[in-house]
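Asks: First, the structure itself, so that you have it in front of you.
The values are calculated or read from the model by the stated rules, or taken from the named source; none is laboratory data. Please read all numbers here as calculations on a predicted model, not as lab measurements. Positions of Cβ are generated from backbone atoms using ideal geometry, with glycine treated the same way; all protein chains shown enter the neighbour counts.
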């Protein structure tokens, strides 16, 4: 991919297992689609920009993918807040086409929807345009640290304008959405704390680091002065009666649409990434507001 390419935050391996109730593949990956869940009550309107084409998560541990990254992001949201009214904007089916221009096209679509009067409360972006901190430091100066990144926003923007203009345009498009009154949640980064997610430089964005099972920053997660929140980014699946538990409360959260047992020695699935911390933080905040 080119230097302005995008990647999902910690895209799961095919041996990770997840189940949902009444799973349906979206009819179209080119436009916003209805949620796979029914919503009721006082719904908050949320958009997910993500991969809804590539089934990379294995539901039954048989080494075949069954569910997309974006659908699991949605699953996390609905588990925490069933009153969310979720719509989706899919990234291109071919991940080699995941460029800054592709993301900006979807951000501009969201902005037009807002300007035309559509009520949108929040947007989730579980993706990154990352750079190694040591490489950024070489470009910006030795005074740059993980703790003072936010103070170098203008200098880094100037560097981006010459070196990664597409990334800077993404940042500006995110800021336009925020200025229009919409909360934008962005994954903090899942390549380790030696990397920075450049999208987190968007002023007013809510940037979320991932916590492990013990409530500590996950080894996979970025943690720097751009981070606003820390939330659960690690999920482990267990069998509970006829259903499956992903939040560790020993209660079934999801039931498969057909009788599918775990394969390969009844192993449970595990997934970790700030990809999954951002939607959890969003769901909690929308529940409180």
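Asks: With the condition kept exactly as written, say whether any residue in region 174-184 is at positive phi and touching a strand residue (DSSP E or B) at 6+ places or on another chain (Cβ under 7 Å).
Replies: No, there is no match, as no residue in region 174-184 is at positive phi and touching a strand residue (DSSP E or B) at 6+ places or on another chain (Cβ under 7 Å).
Asks: Since residue 81 meets every condition but one in (1) surrounded by fewer than 15 Cβ atoms within 10 Å (Cβ to Cβ); (2) closer than 19 Å to residue 184 by Cβ; (3) at pLDDT below 95, which condition does it not meet?
Replies: It is condition (1) that residue 81 fails.
Asks: Tally time: how many residues in region 73-104 are in a helix (DSSP H, G or I), under 16 Å from residue 7 (Cβ atoms) and under 13 Å from the mean Cα position of the chain (by Cα)?
Replies: Total satisfying the criteria: 1.
Asks: Next question, about the same structure. Here is a list: 205, 183. Which entry is in contact (Cβ under 8 Å) with a residue 40 or more places away in the chain and under 19 Å from the mean Cα position of the chain (by Cα)?
Replies: Result of the check over 205, 183: 183.
Listed here are the residues, each with its yes/no results for (1) at positive phi; (2) modelled with pLDDT under 70; (3) in a helix (DSSP H, G or I); (4) touching a helix residue (DSSP H, G or I) at 6+ places or on another chain (Cβ under 8 Å).
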position: 230; (1), (2), (3), (4): no, no, no, yes
position: 248; (1), (2), (3), (4): yes, no, no, no
position: 252; (1), (2), (3), (4): no, no, no, no
position: 268; (1), (2), (3), (4): no, yes, no, no
position: 275; (1), (2), (3), (4): no, no, yes, yes
position: 281; (1), (2), (3), (4): no, no, yes, no
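Asks: Applying the selection to region 169-193, what residues are part of a loop (DSSP other than H, G, I, E, B) and under 16 Å from residue 283 (Cα atoms)?
Replies: 182
Asks: When only residues in region 175-193 that are surrounded by fewer than 24 Cβ atoms within 10 Å (Cβ to Cβ) and modelled with pLDDT under 95 count, which is nearest to residue 47 (Cα to Cα)?
Replies: Out of the qualifying residues, it is 191.
Asks: Within region 219-228, is even one residue in a strand (DSSP E or B) and in contact with a strand residue (DSSP E or B) (Cβ under 7 Å, 6 or more places away or on another chain)?
Replies: So far as region 219-228 goes, no, none of its residues is in a strand (DSSP E or B) and in contact with a strand residue (DSSP E or B) (Cβ under 7 Å, 6 or more places away or on another chain).
Asks: Go through 118, 147 for me and flag whichever is surrounded by fewer than 17 Cβ atoms within 10 Å (Cβ to Cβ), within 26 Å of residue 272 (Cβ to Cβ) and modelled with pLDDT of 95 or more.
Replies: Of 118, 147, the one residue that is surrounded by fewer than 17 Cβ atoms within 10 Å (Cβ to Cβ), within 26 Å of residue 272 (Cβ to Cβ) and modelled with pLDDT of 95 or more is 147.
Asks: Against the definition (touching a residue at least 40 places away in the same chain (Cβ under 8 Å), crowded, with 18+ Cβ neighbours inside 10 Å and in contact with a helix residue (DSSP H, G or I) (Cβ under 6 Å, 6 or more places away or on another chain)), how does residue 171 come out, yes or no?
Replies: Answer is no for this residue.
Asks: Test residue 107 against the criterion of being assigned to a strand (DSSP E or B), touching a helix residue (DSSP H, G or I) at 6+ places or on another chain (Cβ under 6 Å) and at pLDDT 95 or above, and give yes or no.
Replies: Spelling it out, it is not the case that residue 107 is assigned to a strand (DSSP E or B), touching a helix residue (DSSP H, G or I) at 6+ places or on another chain (Cβ under 6 Å) and at pLDDT 95 or above.
Asks: Next question, about the same structure. Tell me yes or no: at least one residue of region 115-129 is in a helix (DSSP H, G or I) and without any contact (Cβ under 8 Å) to a residue 40 or more places away in the chain.
Replies: Within region 115-129, not a single residue is in a helix (DSSP H, G or I) and without any contact (Cβ under 8 Å) to a residue 40 or more places away in the chain.
Asks: Separate question: In region 194-209, which residue that is in contact with a strand residue (DSSP E or B) (Cβ under 8 Å, 6 or more places away or on another chain) and in a helix (DSSP H, G or I) is surrounded by the most Cβ atoms within 10 Å (Cβ to Cβ)?
Replies: Only one residue tops the list, namely 200.
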